[in-house]
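Novice: First, the structure itself, so that you have it in front of you.
The values are calculated or read from the model by the stated rules, or taken from the named source; none is laboratory data. Just so we're clear, the structure is a prediction, and the values are computed from it rather than from any experiment. Reconstructed Cβ throughout: ideal geometry from the backbone, glycine too, with neighbour counts over all protein chains shown. Quick note on the areas: whole protein, heavy atoms, side chains included, nothing else; ligands and nucleic acids left out. Shrake-Rupley method; radii C 1.70, N 1.55, O 1.52, S 1.80 Å.
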Amino acid sequence: MIIGAGQAGLSVAYHLKRGGLRMGEDVVILDRGPAEGGAWQHRWEALRLGSAHRVNDLPGMREMGLSFDTADRDRPARDVVREYYREYERFYDLRVLRPVVVTAVQDDGSGLVVRHERGEHHTAAVVNATDTWGAPYLPYYPGVRRFAGIQTHTAGYRSAEDFRGLRVLVVGGGTSAIGFLLELENVAERTIWSTRRPVDYLERSDLDLESALAAVAAQDAASRAGETLPSIVSGTGVPRTERIAAGIDRGLLVSRGPFAELEEHAVVWPDGSRDAIDAILWATGFRPEVRHLAPLGLRERAGGIAVTLGVSERDPRLFFAGYGPQASTIGANRAGKVIARQVLRLVA
Ligand code: FAD
């Protein structure tokens, strides 16, 4: 059973098929989304391919004559990715069942049982490829319940137009926060940026291999130790693209640092000064979406799930694709091969 048909789940499915398993019979893929595209189908209208990071091709996509490198950058990424994944699923006949929400995975003594809205499946192995979109993270700040304005998380962001004429506090130090600040400029009355730590701008305009490897190593160490996963941007830094450099120069992309608390209509800074705000945009990231795995008791004392090379340390029948060091489209792709090989060995 594969739970999730995003980049990670589809990549595992491709390699299982190549390894001789039959789709829809030996392998069943369940996905909660109404359409193809994994989390990309839910992203906001203004997001374009390449405006965050590179989106890597799925394995076998070039054989179909498709590549994200040559995909349309003028249309919303959510539409383009959805269309490419749809073609991919058809071409490789992956037979994803959707929309199906998996509610629990349990151990029935002889195997694993995957429970979902339409019934249950008994299986020898589960590949969890659910990523994070359904588990937005909201940090706690004193006064947050008193705040009377609009609050939106990245997962709920639709368009800058929703903030027209408002004074907006953008919270978070990653690419989403930066993208929102750029989109809101000249639409919102004013933006104020708050980050917990100083923003680590790189001198380069793209991610160099060294920072990418350091971020993956930090994710891998936390994942192996069963700790909560660190944020990706804390490991990579933010590439100083031309657009970002210009935003810094005109004072838009300059963080005010962490704030102390919120009032009904204001943000209060550590020195006691306050700014009136109408809305908060929480670009504060996500946590792994693993609620449905709770019956398996995988949570470690350190707060996370111990996963080494995509396999649960507590249960070798449980695989995690796109988790920790595999969290990006390139990581998710690599996960496909590594995990499929291990699943094939397990079920042989
Ligand atoms: P997803 O695409 O999220 O797929 C997970 C699937 O699991 C979904 O289809 C979901 O419906 C399904 N699912 C979840 N829970 C359940 C359940 N209980 N039952 C059934 N189905 C379930 N990475 C890049 O490489 N390049 C980028 O430019 C980039 N931009 C990003 C922008 C944003 C705003 C965010 C949040 C992330 C971005 N990423 C980017 C990282 C992103 O996580 C990966 O690109 C990739 O989409 C992850 O693929 P995935 O298959 O792991 O997850």
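Novice: Evaluate E = 1/(1 + (r/R0)^6) for THR241 and SER110, where r is the Cβ-Cβ distance and R0 equals 56 Å; express this FRET efficiency to the nearest 0.05.
Specialist: 0.55
Novice: Let me ask something else. Which trypsin sites (Lys or Arg not before Pro) in the stretch 1-40 sit in a loop by DSSP (not H, G, I, E or B) and have at most 13 other Cβ atoms within 10 Å of their own Cβ?
Specialist: ARG22
Novice: What is the Rg over Rh value, at two decimals, for the chain, using alpha-carbon atoms and the Kirkwood definition of Rh?
Specialist: So for the chain, dividing Rg by the Kirkwood Rh gives 0.98.
Novice: Can you pull the percent of the chain's accessible area that's carbon plus sulfur, 1.4 Å probe, other chains left in place?
Specialist: 49
Novice: Using only Cα atoms and rounding to the nearest 10 degrees, what angle (0 to 90) does helix 175-184 make with the longest principal axis of the chain?
Specialist: The answer is roughly 50 degrees.
Novice: Can you list the HN-Hα couplings for the stretch 275-288, worked out from phi with the Karplus curve (6.51, -1.76, 1.60; θ = phi - 60°), rounded to whole Hz and with x for Gly and Pro?
Specialist: 10, 6, 9, 10, 8, 10, 10, 8, 9, 9, x, 9, 10, x
Novice: I'd like the Karplus ³J(HN,Hα) series for the stretch 255-265: coefficients 6.51, -1.76, 1.60, θ = phi - 60°, whole numbers in Hz, and an x wherever there's a Gly or Pro.
Specialist: Whole-Hz 3J(HN,Hα) from phi for the stretch 255-265: 6, 8, x, x, 9, 8, 7, 10, 10, 4, 9.
Novice: Additional query: Collect residues whose amide H, placed 1.01 Å from N in the peptide plane, falls under 5 Å from the amide H of ILE29; neighbours closer than 5 in sequence don't count.
Specialist: ILE2, GLY24, LEU97
Novice: Using helices alone, what [θ] at 222 nm do you get for the chain, with -39,500 (n - 2.57) per DSSP H run of 4 or more residues, divided over all residues and rounded to the nearest 500?
Specialist: Per the formula, -7500 deg cm²/dmol.
Novice: If you don't mind, there's one more thing I want to ask. Take the alpha carbon atoms of the stretch 199-315, find their radius of gyration, then divide it by 2.2 N^0.38 Å using N residues; give the quotient.
Specialist: 1.41
Novice: Another question, then. List the residues whose amide H sits under 5 Å from the amide H of LEU47, counting only those 5 or more places along or on another chain, with H placed 1.01 Å from N in the peptide plane.
Specialist: Here ALA77 satisfy the definition.
Novice: Taking the 0 to 90 degree range and rounding to the nearest ten, how far is the long axis of helix 7-18 tilted relative to the main principal axis of the chain, both from C-alpha atoms?
Specialist: 20
Novice: On C-alpha positions alone, give me the angle between the axis of helix 209-225 and the longest principal axis of the chain, in degrees, nearest 10.
Specialist: Relative to the chain, helix 209-225 is tipped by roughly 60 degrees.
Novice: With θ set to phi - 60°, apply the Karplus curve 6.51 cos²θ - 1.76 cosθ + 1.60 along the stretch 115-127 and write out the HN-Hα couplings as whole Hz, x wherever there is a Gly or Pro.
Specialist: Values, residue by residue: 9, 8, 4, 9, x, 8, 10, 9, 8, 7, 8, 10, 9 Hz.
Novice: Points 7 angstrom from Cα along the Cβ direction at ARG274 and SER211: gap in nanometres?
Specialist: Placing both labels 7 Å along Cα→Cβ, they lie 3.7 nm apart.
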